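S.K.: Below is the structure I would like to discuss, written out as C-alpha cells.
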Amino acid sequence: MASDTRIPVDKGWAWMVLAGSFMISTINTGTEKSYGIFFIEFLRMFKGTVFMTVLINTVLNVAYCITAASVLLIGFKKMKIRMSVFLGIILCSIGYGISSLATGLEFLLASQSILIGIGIGFHNPPIYILLGEYFDKRKGLANAIFLSANALGGIVMPPLYRYVFDEYGLRGGLVITAGITLNSLVAAALLRPSEFYTKNGPKTFNTDKDVSLTKPNNSENNFEECDSGTLYPLLSKETEKQSSSSLTRQIDETNDMFDRLSNSNVVRYSSNGDVLAASLASLGSNIDQHEDTTCKGKCDGGFLVKCRQSIDCYLMKNVLFLLFLAIYCFGNVAIMCAHIYVPKYAEDIGIDDQRISVIVSITCLSDFLGRILAGFLADQSWITPQQIVILSQVVVGIVLQFTVYYTSFWTLVVFVMIFGSTGGMIVALFPPILIKIVGKERYRSAIAVFIICISLFEGLALPLLGYIRDVTETFHLTFHIMGASSFITAILLIIFDVLTRRKAKLKTESDEDANSNH
C-alpha cells in the first residue's frame, strides 16, 4: 500500500499522538466506566426509580452512537480532527458541570445524557481515525496500547470518584469531574493532524511499509566520505561502520519483535474495545482513502442523502450479516449492563461504597485480562474464534443464573472476575469475521448499521431490565434475563458457524467443478 512518506508513520510524532490518545482514554473512558458509582449517587439524591435513572445512560449511549455514526458516514470535511476532539472534551466537561445544578432526573437527561453523549461521539472517532493515519505496521500494537488505557481508567477512576463523592457530595463531585475531564485537553494538544506534514510540498509515496529503515545501496560509501560530520567523530571509520552495522541489526531485531507483537491475536483482540474501535482498528488509513474514491461526486447534498449513499442496502439482504448483527446485539447485553447494575446490586446486598468501587475496578481489570486470554486462545490451532465466544457466552449465561448466592463481598468478587473475564470475549469474533461476511468495500457501511442498531437495542434493553428490577424489587430476574441473552447468543453462533461452514463447502465444490471443467 502506497503511503505518503512525509507522515511519520510508526515513528516520531506518531508515538506522541499515541501518548496523548492514551491519556484521553484513561480519563474519559475511566469516567464512563465509573457510571455505576454515579448511578448510585443519582438514586440516592433524587429518589428515582432504577428505570428512570438508567434512562440517563440509555440516552447517553443513543446520543453517542448517533453522533459517532454521523462522523463515520460524513467524515471530517468541515472540522479538523484535533478541533473535533477539543469540542468533544469541552462538551463533556460542560455536561458534568451543568449536571451539578440538576434538580431532578429529567434535568440530567439533557445535561448528563445528551451533552456528554454528543461530546463522546465527537472525541472518540477522530482518535481512532488519527491512529489509523499514524500507524500501519504497528497498528495492532498502537490500538492495544491505546485501549489498554480503558482498563487503566476502569481500575483507577472508580476509587477516585468514590473518594470525591464521599468528600464533596454529588454536586461538588460533578464539578470536580468536569475539571478532571478538562485536563484531557492538554493531551489532546498532542494530536497533531497528518495535514501538518502534507499541506505544503509535493506528495511523495513509498510502497515499502517500513520506510524508516530503507537504506541506499551506497550507504558504506557515505560513511567513508564523512569526516568532520561523522556520526561518531571519536571513532575510526572502520569502527564506525561496525557500530553502524551493529545498530542496524539491533533495529531490525527490535522491529521483528514489534512485528510479531503487532500481528499477535493477543494484541488484536485486546485492542478491540468496542464496536467503533473494531471498525477503525482493522482498516486503518484505508477508511479515508476509501471514502475519497467511492464518494467523490456523490456526497453532495443533505445529511439524509449522505446517509443513504453511505449505507449499502445490500447489507439488509445478507442473511449472515443480519444473523451476526443479532449475535452481537444479544451478546452485548450482559457486558453492557454490568457496569450499571452490578454496583447497585452490591449496594442492595449491603456492601459499603468503598468496596463497591473496588468491585467496579476488578470488573474492568478482568474484562481486559479476558480479552488477552481470548487472543492467546485464538493463536492456538485446536480452537476457533467462534468456539471461544460460544464457550464464553455459555459461562456468562451460567454465572448470571446464580446471583441469588452472591450475598457477600467475596462471592461477588468471584462472580465479577468470572463474568468480566468472559463477557468481553465476543469482541474477539468481531472484526475478522465481519470483513469476511461483507467484504472490505462494505465494511464501513456495515459498521454504521451496527452502531445504529446496537444503540437502538441498548435503548430498549436497559430501561426494560431496569423496569423489571423496579417491579420485582430485586436484580435476580434482571440477571436471569441477561444470562438468557447470552444463551441465545451461543445458539445463534452455532447456527452461524453451521451456515458459514456450509457456505465455504459449497464455494469449494463450485471452485472444484470450475477447475474440472477447464
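Okay, residues lined up against (1) under 19 Å from the mean Cα position of the chain (by Cα); (2) closer than 17 Å to A149 by Cβ; (3) not aliphatic (A, V, I, L, M):
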site: S357; (1), (2), (3): no, no, yes
site: V360; (1), (2), (3): yes, yes, no
site: S366; (1), (2), (3): yes, yes, yes
site: L369; (1), (2), (3): yes, yes, no
site: I372; (1), (2), (3): yes, yes, no
site: Q380; (1), (2), (3): no, no, yes
site: T384; (1), (2), (3): no, no, yes
site: I390; (1), (2), (3): no, no, no
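S.K.: Further question: Can you tell me which residues in segment 359-398 are open to solvent by 50 Å² or more (accessible area, probe 1.4 Å), modelled with pLDDT of 90 or more and closer than 22 Å to G154 by Cβ?
M.R.: V395
S.K.: Which one is farthest from the chain's Cα centre (by Cα) among residues in segment 447-483 that are open to solvent by 40 Å² or more (accessible area, probe 1.4 Å) and over 20 Å from T407 (Cα atoms)?
M.R.: In this case the residue turns out to be V471.
S.K.: Taking the conditions exactly as written (in a helix (DSSP H, G or I), closer than 30 Å to E106 by Cα and modelled with pLDDT of 85 or more), does G30 satisfy them or not?
M.R.: yes
S.K.: Quick check: anything in segment 421-443 part of a helix (DSSP H, G or I), open to solvent by 10 Å² or more (accessible area, probe 1.4 Å), free of Cβ contacts under 8 Å to residues at least 40 places away in the same chain and among the hydrophobic types (A, V, I, L, M, F, W, C)?
M.R.: Checked segment 421-443: no residue is part of a helix (DSSP H, G or I), open to solvent by 10 Å² or more (accessible area, probe 1.4 Å), free of Cβ contacts under 8 Å to residues at least 40 places away in the same chain and among the hydrophobic types (A, V, I, L, M, F, W, C).
S.K.: Give the residues of segment 342-363 that are of a type outside the set (S, T, N, Q) and either within 13 Å of F415 (Cα to Cα) or not in a helix (DSSP H, G or I) (or both), sorted by residue number. Write out each step before concluding.
M.R.: We begin by selecting, within segment 342-363, every residue of a type outside the set (S, T, N, Q); these are 342-353, 355-356, 358-360, 362.
Once the filter is applied, which keeps residues that are of a type outside the set (S, T, N, Q) and either within 13 Å of F415 (Cα to Cα) or not in a helix (DSSP H, G or I) (or both), segment 342-363 yields V342, P343, Y345, A346, I349, G350, I351, D352, I359, V360, I362.
S.K.: Is it true that D136 is outside any helix (DSSP H, G or I) and open to solvent by 10 Å² or more (accessible area, probe 1.4 Å)?
M.R.: When the stated conditions are applied, D136 passes them.
S.K.: Taking the conditions exactly as written (touching a residue at least 60 places away in the same chain (Cβ under 8 Å) and under 21 Å from the mean Cα position of the chain (by Cα)), does G154 satisfy them or not?
M.R.: Yes; evaluated as a whole, the condition is true for this residue.
S.K.: In segment 120-147, how many are closer than 23 Å to S93 by Cα and either free of Cβ contacts under 8 Å to residues at least 24 places away in the same chain or polar (S, T, N, Q) (or both)?
M.R.: Within segment 120-147, residues that are closer than 23 Å to S93 by Cα and either free of Cβ contacts under 8 Å to residues at least 24 places away in the same chain or polar (S, T, N, Q) (or both) number 1.
S.K.: Identify, by number, the condition in (1) within 30 Å of A346 (Cα to Cα); (2) open to solvent by 60 Å² or more (accessible area, probe 1.4 Å); (3) at pLDDT 85 or above; (4) of a type in the set (A, V, I, L, M) that V498 doesn't meet.
M.R.: Result: V498 fails condition (1) only.
S.K.: Only one of these conditions is not met by R162: (1) closer than 18 Å to L191 by Cβ; (2) of a type in the set (D, E, K, R); (3) open to solvent by less than 10 Å² (accessible area, probe 1.4 Å). Which number is it?
M.R.: (1)
S.K.: Does segment 344-355 include one or more residues that are under 18 Å from L462 (Cα atoms) and β-branched (V, I, T)?
M.R.: Scanning segment 344-355 turns up no residue that is under 18 Å from L462 (Cα atoms) and β-branched (V, I, T).
S.K.: Something else about it: Which of the residues that make up segment 171-188 are crowded, with 17+ Cβ neighbours inside 10 Å and either of a type in the set (D, E, K, R) or without any contact (Cβ under 8 Å) to a residue 60 or more places away in the chain (or both)?
M.R.: I176, the sole residue that qualifies.
S.K.: Related question: Scanning for something of a type in the set (S, T, N, Q) and more than 16 Å from T363 (Cβ to Cβ), does segment 403-421 turn up at least one residue?
M.R.: Looking through segment 403-421, at least one residue is of a type in the set (S, T, N, Q) and more than 16 Å from T363 (Cβ to Cβ).
The values are calculated or read from the model by the stated rules, or taken from the named source; none is laboratory data. It should be emphasised that the depicted structure is a prediction, and the values quoted were computed from it without experimental measurement. We place every Cβ from the backbone using ideal geometry, glycine too, and count neighbours over all the protein chains shown. For the accessible areas, the whole protein counts, side chains as well, though only heavy atoms, and no ligand, DNA or RNA atoms are used. Shrake-Rupley method; radii C 1.70, N 1.55, O 1.52, S 1.80 Å.
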